[in-house]
Amino acid sequence: MNRRVVYTRGGPAAGVLTVIEEPEPTPGPGQVLIRTAAIPVHPGDLQAVEAYPEEAAKPVPAGVEATGVLEAIGPGTHVTPGVTVGGRVTVFPQPGAWSQWVVADAGAVVAVPDELSDEVAARMLVNPRTTVMLRREAQEHPAFGYDGLLVQTAAGSSVGRLLTGVSLMHNLALVDVVRSDRGAAELRKRFPGVPVVATEHPGWEDEIRRAADGRPVSVIGPVLVRPW
Ligand SMILES: NC(=O)c1ccc[n+]([C@@H]2O[C@H](COP(=O)([O-])OP(=O)(O)OC[C@H]3O[C@@H](n4cnc5c(N)ncnc54)[C@H](OP(=O)(O)O)[C@@H]3O)[C@@H](O)[C@H]2O)c1
């Protein structure tokens with residue numbers, strides 16, 4: 001049997017998520033079967049459950065990303081390099097990833113390097129890919145230009161911390177914006193040298209202007225504080 005986390009109506013996850021049992025799935029052509037070992041709980045997963053607008057006619061499977069062991073490959077299925085039966089893999093996007101067994105499209109499955117734990121591998125795709133998209137979006141903004149500056153909101157978030165790391169690696173000028181002094185202190189400890197501004201005090205806009213030092217500014221982040 002397979003145990004799977006589902007919901008049938010929207011609301012706070014603690015109140016609406018439940019576990020169902022169903023037959024163990026079998027992969028068809030173009031699919032693979034994964035026995036999961038680690039699944040992440042992203043804030044976005046919980047937002048999707050909370051915002052579900054209606055009573056569902058049948059249970060909606062939760063989760064989008066998972067890591068596990070590849071147990072079977074569907075007939076005539078082409079897998080990506082390094083993916084083998086018995087090997088560790090991770091998958092995204094995978095609706096219904098919060099499940100003991102997952103049948104996934106083979107094209108969404110990649111091999112997990114030996115040096116990564118299951119817990120790290122299970123967070124390897126959604127947030128890093130989102131970070132790449134944010135970086136690309138930021139660099140395409142006309143204000144970024146040749147010597148522009150990136151101002152990132154919600155910089156203490158998981159995605160925000162990844163974007164700061166990527167910006168440092170690629171020499172992109174960045175100011176991180178968080179809400180609290182506590183959040184700012186944590187970020188400064190993690191990324192010494194990156195300017196961090198906390199919005200809990202009046203005048204934070206001027207701090208950003210000072211950090212920008214006349215350079216054109218583009219703004220990006222998972223949560224927009226307010227336009228300036
Ligand atoms: N592909 C995608 O579209 C994609 C993928 C991944 C994530 N996301 C989205 O990106 C966001 C961040 O995800 P995450 O996993 O990185 O979240 P996270 O680690 O839980 O961090 C959430 C952040 O949002 C900040 N925040 C919350 N409410 C705010 C407000 N009203 N004003 C300013 N900042 C606020 C928090 O700041 P404090 O530290 O001050 O509390 C915290 O830093 C979520 O909305 C998620 O759904 C989208």
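Computed from the coordinates by the stated procedures, all read-outs in this text should not be read as laboratory data. Every value quoted in this text rests on a predicted model; they were computed, and no experiment measured them. So basically every Cβ, Gly included, is an ideal-geometry build from the backbone, and we count neighbours across all protein chains shown.
Restricting attention to region 54-69 and to residues that are within 25 Å of the chain's Cα centre (by Cα) and either more than 17 Å from Leu125 (Cα to Cα) or within 16 Å of the ligand (Cβ to nearest atom) (or both), the residue that is surrounded by the fewest Cβ atoms within 10 Å (Cβ to Cβ) turns out to be Pro59. Inspect all residues belonging to region 158-166 and state whether any of them is in contact with a Leu (Cβ under 7 Å, 6 or more places away or on another chain) and more than 9 Å from the ligand (Cβ to nearest atom). Yes; the residues of region 158-166 include at least one that is in contact with a Leu (Cβ under 7 Å, 6 or more places away or on another chain) and more than 9 Å from the ligand (Cβ to nearest atom).
Counting the residues of region 21-52 that are more than 16 Å from the ligand (Cβ to nearest atom) and either more than 18 Å from Ala66 (Cα to Cα) or among the aromatic types (Phe, Trp, Tyr) (or both) gives 6. Of the residues making up region 191-203, those that are surrounded by fewer than 17 Cβ atoms within 10 Å (Cβ to Cβ) and within 15 Å of the ligand (Cβ to nearest atom) number 2.
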